[in-house]
Amino acid sequence: MKGAKASTKKFSACFADVLPHHGWVIYTKGDMKLLIVIFSLVCFSLSQAQAKGLSLIIEADQPEIQKFLETGLTAPEVLSTEQQTNKRWLRYYQKQLPQLVEDIMQPLGYFNSKTGSQMTHPSPGQQVLTVQVSAGEPIRISQLDLKMAGPGTGDEKVLTLLQAFPLKPDDVLRQDLYEQGKALLIEDIVGHGFLDAHFTAHQIRVHLEDYQAEITLHLETGPRYTFGPTSFSSDSSYPQRFLSRFLSHREGETFSHEKLGKTQLNLINADLFQKVTVSPQREQATAEQIPISIDLQPAPRHQWRPGIGYGTDSGARVSLRYRDLNLFRNGHELKGDLLLAQYQQSLVTTYIIPDLDRLDSQTQLRVGFDREESDSYLSRELFSEAEYQRALRNRLLGALFIRLTQEYSEIGGEETRAQMLLPGVRLQWRSRESQQAGQPGVYVSVELKGAQDSLLSDTSLLQLKAQASSRFPISKTLFALIRLQGGTTWHNDPLRELPASLRFFAGGDRSVRGYGYQALGPEDTDGDVVGGKHLLVGNFELEQRLTEKWGSAIFYDLGNAFNSFADYDLAQGAGIGVRRYTPIGPIRLDLARQIGQSRPRWRLHLSIGFDW
């Protein structure tokens, strides 16, 4: 080697981080007389040949390098046409193979690999190029010199990061792990506030004859920076105390780009601003304190959001949402929601008072009117509600509420008028902090409420409702969805004392498919569904994504409303569906058939919704 002493027989190569990188179902009870569901999940398997008419097979004697070779070696399309192989180009490619393999193997620690290739014709028209690779003895790390200097030397967290470097003495020299370790080390140390951290020495020295390598990695941490004061743009009409709720950092805390990103995300998710820019003013830092500047462009104060859609349960529908932001310049919000659907109409006004000290807490005051009509009942309700919401821990949201309602119902030929004062508690939990429709995850909600006939209520009761749903992948394109719903009511008075909104019904798009909306439940002597005190519903679905925008599904539902856990019957339905994926969630078209009925029926369920 140039520059080596004449008396030295060992061949050594010195690398300063310049080594190249190389890549890398459902059954029913025995009385069912007809098979309900015929469903075929079509899986497309793409057999990829690296060139037309030519297959490339790689055989390596070390399993851990097989995947790297399969990724790095490809046969150019020029080698063959659909009819025949270009023999001249093939001979040239075979001559280049040892060097191509060497370029892949050296960063993996193998500097003495052997490569051979052979062309075979297993059958007429089939051509296979087999590449045999013998890895040879690997280069192992004989010395690992990891050192750190600077103010961060005594920080236990930083020392832990240094000890977590992925390469150790006697490991095979992996250039990819070396580069990853360097990058992660700098990234993590910078994340601990040492923004000037850098390597003063980073070198790999390889001794080929001894199959050994020495790594030198010296890090200077520099000073630790902290957050300075935070200022908001002067054109924002929101009060400083309100805006401070969105900060994930505090003055004097260790500086972190991650916390700045969280602050920006909080402001964006608030849906109050058209533009959010969070900028650390490092050039203005004094005593290692970095001031933060946040530029906000508020959204228009008055916002209108129309919508249109269709669902089998609701019929055709139009909606309109109005938002009045930053009332009285205190960050308060007034919201109005109007729904005009074929079977339901509602108008709800909500006044939102944010907690000025907590981002995850607010008070909501609601008044509204709701009218709903189904095959089982007609309900008209006038209500007011006060609710206090607060995040508890680990994505658990809790709420205390009290609801005063006046409701008129027509159920099974009987009219019911009821006034109820219902205090209660709600709990919601998501496995993801921000979960969009169709993403894998778990959602759980529980509501407990009650009334006492001596406190502005016509009857006494205690009611518990719960729902849990989980969507999880089975493979890259196959997903499973499980949804469970349940409810129970403790009520000693006759059922007719309960209005429709406090009775349980089943059936419909998000209940038991194959049956009409709210068409399942206990019946009166005339055969009319009048609802029940308890509810059990389960949905089980497999969804196969066929393309980026289309998918298919197979499902099985069961459930019912009833009055006694000692005597109940669960209705069943099953079928197939089509999914059309859109940015707001899938459009669902399901064809379901009833199970266990003497005269089973088919039912089509469609759900479509768009917002502007």
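The values are calculated or read from the model by the stated rules, or taken from the named source; none is laboratory data. Not measured: the values here are computed from a predicted model. Note: ideal-geometry Cβ built from the backbone for every residue, glycine included; neighbour counts use all protein chains shown. Accessible surface areas use protein heavy atoms only, side chains included; no ligands, DNA or RNA. Shrake-Rupley method; radii C 1.70, N 1.55, O 1.52, S 1.80 Å.
Among the trypsin sites (Lys or Arg not before Pro) within segment 354-453, those in coil by DSSP and having at most 13 neighbouring Cβ atoms inside 10 Å are Arg358, Arg432.
Find the Cα radius of gyration of segment 408-536, compare it with 2.2 N^0.38 Å by division, and give the number to two decimals. Normalised Cα radius of gyration, segment 408-536: 1.27. Our coupling estimate for segment 504-518, obtained by passing each phi through the Karplus curve with A = 6.51, B = -1.76, C = 1.60 and θ = phi - 60°, is 9, 10, 9, x, x, 4, 10, 10, 9, 6, x, 10, x, 5, 6 Hz, Gly and Pro reported as x.
Packing here is the average count of other Cβ atoms within 10 Å per residue, and on that basis the peptides 572-578, 489-495, highest first, run 572-578, 489-495. Taken about its Cα centre, segment 527-576 carries a charge dipole of roughly 140 debye when the Cβ of each Lys and Arg holds +1 and the Cβ of each Asp and Glu holds -1.
Dipole size of the chain about its Cα centre, with +1 on Lys/Arg Cβ and -1 on Asp/Glu Cβ: approximately 1320 debye, rounded to the nearest 20. Each residue of segment 276-286 is assigned a 3J(HN,Hα), and the resulting list reads 9, 10, 10, 10, x, 9, 5, 5, 9, 5, 10 Hz, derived from the Karplus form 6.51 cos²θ - 1.76 cosθ + 1.60 (θ = phi - 60°), x at Gly and Pro.
The separation of segment 516-567 from segment 302-362, counted between C-alpha centres, amounts to 29 Å. Extent along the principal axes, Cα only, for segment 54-134: 40, 22, 18 Å, with the longest axis given first. Surface composition of the chain: carbon plus sulfur atoms contribute 53% of the solvent-accessible area (1.4 Å probe, protein chains only, all chains present). The trypsin sites (Lys or Arg not before Pro) of segment 169-273 that DSSP puts in a loop, and whose beta carbon has at most 13 other beta carbons within 10 Å, are Arg250. Sparsely packed loop sites in segment 252-349 (the chymotrypsin sites (Phe, Trp or Tyr not before Pro) outside DSSP H, G, I, E and B with at most 16 other Cβ atoms within 10 Å) comprise Phe328. The residues of the chain have, on average, 55 Å² of accessible surface per residue, using a 1.4 Å probe with all protein chains present.
Assuming a strict under-19 Å limit between Cα atoms, what lysine pair count do you get for segment 302-609 once near-sequence pairs (fewer than 8 apart, same chain) are dropped? Can you show the working numbers first?
Numbers: Lys449/Lys465; Lys449/Lys533; Lys465/Lys533; Lys476/Lys549.
Summing the qualifying lysine pairs gives 4.
Report the normalised scattering of the chain as log10 I(q)/I(0) at q = 0.05, 0.08, 0.10 Å⁻¹, calculated by the Debye formula with identical scatterers on the alpha carbons. Those come out to -0.40, -0.89, -1.10, one per q.
Karplus-derived 3J(HN,Hα) values for segment 557-571, using 6.51 cos²θ - 1.76 cosθ + 1.60 with θ = phi - 60°, are 10, 8, x, 5, 9, 7, 10, 8, 6, 8, 8, 8, 10, 8, 6 Hz; glycine and proline are entered as x.
Backbone amide hydrogens, once placed in the peptide plane, bring Leu327 within less than 5 Å of His332, Glu333, Leu334, excluding anything fewer than 5 places away on its chain.
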